[in-house]
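A.B. asks: There's a structure below that I have some questions on.
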Amino acid sequence: MTAIALQGVTKRFRSYDRGHKWLRRELVEMVTGRRSKGDCWTVLHDIDLRIEAGEIVAIVGRNGSGKSTLLKLMAGILQPNAGRVTHQGVICALLDIGTGFHEDLTGRENVFVNGAILGLRENRLRQLLPEVEAFAELEGFMDTPLRYYSSGMRARLGFAVAMSANPDIFLIDEVLSVGDEGFRRKCSAKLDELVARGRTIVIVSHDLEAVQRLCARGVWLHEGTIVEDGPIAGVCARYVERFNVSEEAPLETAGGTT
């Protein structure tokens, strides 16, 4: 069974001139109903991709290649300008660990808020709370406001809550590169457990060593197109050879399109 399918998917974003010109252009376009094609740039070009249920797939490529945009299209956060995206089953997207958390709420309160966003009921979250607290290694901090958490503590809490959702499809953006080494190993072990249970996982990461350990298949994106789709070892080897990238490159710049 196909878990995710993209057929002829193209995604464009609009660019804006500095100053007041973009506002005038927007008003003109609202009146005329016409859009200027010159004000758009294409991030993904005519993507065809099928991911079968139970696969664990890595999306690799340089900064700006369209990786995170592809994941957001799979999750339904973005809609394509052309083509079609379909999926079978419940999706959980870890595109920015901690999204939906509130600074003034405690860790415990944020578990309930974030869990509700992921579709978990309150009684289920109460049952899962000890497990989330233990996995995140936040014993003694769950009643502390989130504003006092370190970035690593936030990452651990976000990942722990997301794993509790137990969906059919996980979309994960750079979770393998956050936290300390101990937390990374714990994440990898949890993903191995999910694979054993037949879940579908799509990972965007620059940590080529980690994705080769976890994934059987790799998809290499470059400038919005798929360069290669095949066994992960070969895809990573040719990617490294072409761009002379390291096996564990730095994280993407925050807020950039990947």
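A.B. asks: Would you kindly state how much longer the chain becomes between Val113 and Trp41 on full extension, computed as 0.36 nm times their sequence separation minus their alpha carbon distance, in nm to one decimal? Walk me through the numbers before you get to the answer.
C.D. replies: Working: separation 72, 0.36 × 72 = 25.92 nm, distance 3.60 nm.
Stretched fully, the Val113-Trp41 segment lengthens by 22.3 nm.
A.B. asks: Let me ask something else. Give the long-range amide H neighbours of Val43: residues separated by 5 or more places, or on another chain, with amide H under 5 Å away, using H modelled in the peptide plane at 1.01 Å from N.
C.D. replies: Lys11, Arg12, Phe13
A.B. asks: For the range 120-183, with only Lys/Arg (+1) and Asp/Glu (-1) charged at the beta-carbon, what is the dipole magnitude about the Cα centre, in debye rounded to 20?
C.D. replies: Working: 6 positive and 11 negative charges, 61 e Å.
So the magnitude is around 300 debye.
A.B. asks: Expressed as a rounded percentage, what relative contact order does the range 99-166 have, with Cα pairs under 8 Å and six or more residues apart? Numbers along the way, then the final one.
C.D. replies: Details: 72 pairs, mean separation 29.7, N = 68.
Across the range 99-166, relative contact order equals 44 percent.
A.B. asks: Along the range 55-72, what does the Karplus equation 6.51 cos²θ - 1.76 cosθ + 1.60 (θ = phi - 60°) give for ³J(HN,Hα), rounded to whole Hz, x for Gly and Pro?
C.D. replies: Per residue, the Karplus-derived 3J(HN,Hα) values read 7, 10, 10, 9, 9, 10, x, 6, 4, x, 7, x, 4, 5, 4, 4, 5, 5 Hz.
A.B. asks: Further question: Sort out for me the Cα centre separation of the range 62-103 from the range 195-214, rounded to whole Å.
C.D. replies: So the separation of the two Cα centres works out to 16 Å.
A.B. asks: Would you mind classifying the range 99-166 by shape? Square roots of the alpha carbon gyration tensor eigenvalues, ordered a ≥ b ≥ c; an a/c under 1.5 is rounded, otherwise it is prolate if a/b is larger than b/c and oblate if not.
C.D. replies: Details: a/c = 1.58, a/b = 1.37, b/c = 1.15.
Taking the square roots of the gyration eigenvalues as a ≥ b ≥ c, the range 99-166 is prolate.
A.B. asks: Further, regarding this structure: In what sequence do Glu228, Glu103, Glu209 fall when counting other Cβ within 10 Å, fewest first?
C.D. replies: Glu103, Glu209, Glu228
A.B. asks: Ok, one more. Estimate the FRET efficiency between Glu193 and Thr86 by the formula 1/(1 + (r/R0)^6), using the beta-carbon distance for r and 25 Å for R0, to the nearest 0.05. Spell out each step's value before the answer.
C.D. replies: On the way: r = 27 Å, r/R0 = 1.08.
So the FRET efficiency works out to roughly 0.40.
A.B. asks: For the range 52-128, which trypsin sites (Lys or Arg not before Pro) are in a loop by DSSP, counting at most 14 other Cβ atoms within 10 Å?
C.D. replies: Those that pass, being in a loop and sparsely packed, are Arg121.
A.B. asks: Using only alpha carbon positions, build the gyration tensor of the range 42-178, then give the equivalent ellipsoid semi-axes as the square roots of 5 times its eigenvalues, largest first, whole angstrom. Before the final figure, lay out each step's value.
C.D. replies: Working: eigenvalues 182, 54, 33 Å².
Equivalent ellipsoid of the range 42-178: 30, 16, 13 Å, largest first.
A.B. asks: Computed FRET efficiency, Cβ-Cβ of Phe13 and Asn123, R0 41 Å: what is it to the nearest 0.05? Mind showing how you got there, number by number?
C.D. replies: Working: r = 41 Å, r/R0 = 1.01.
It comes to 0.50.
Since every read-out is calculated from the coordinates, none of them should be taken as a lab result. Fair warning: this is a prediction, and the values are worked out from it, not measured in the lab. So basically every Cβ, Gly included, is an ideal-geometry build from the backbone, and we count neighbours across all protein chains shown.
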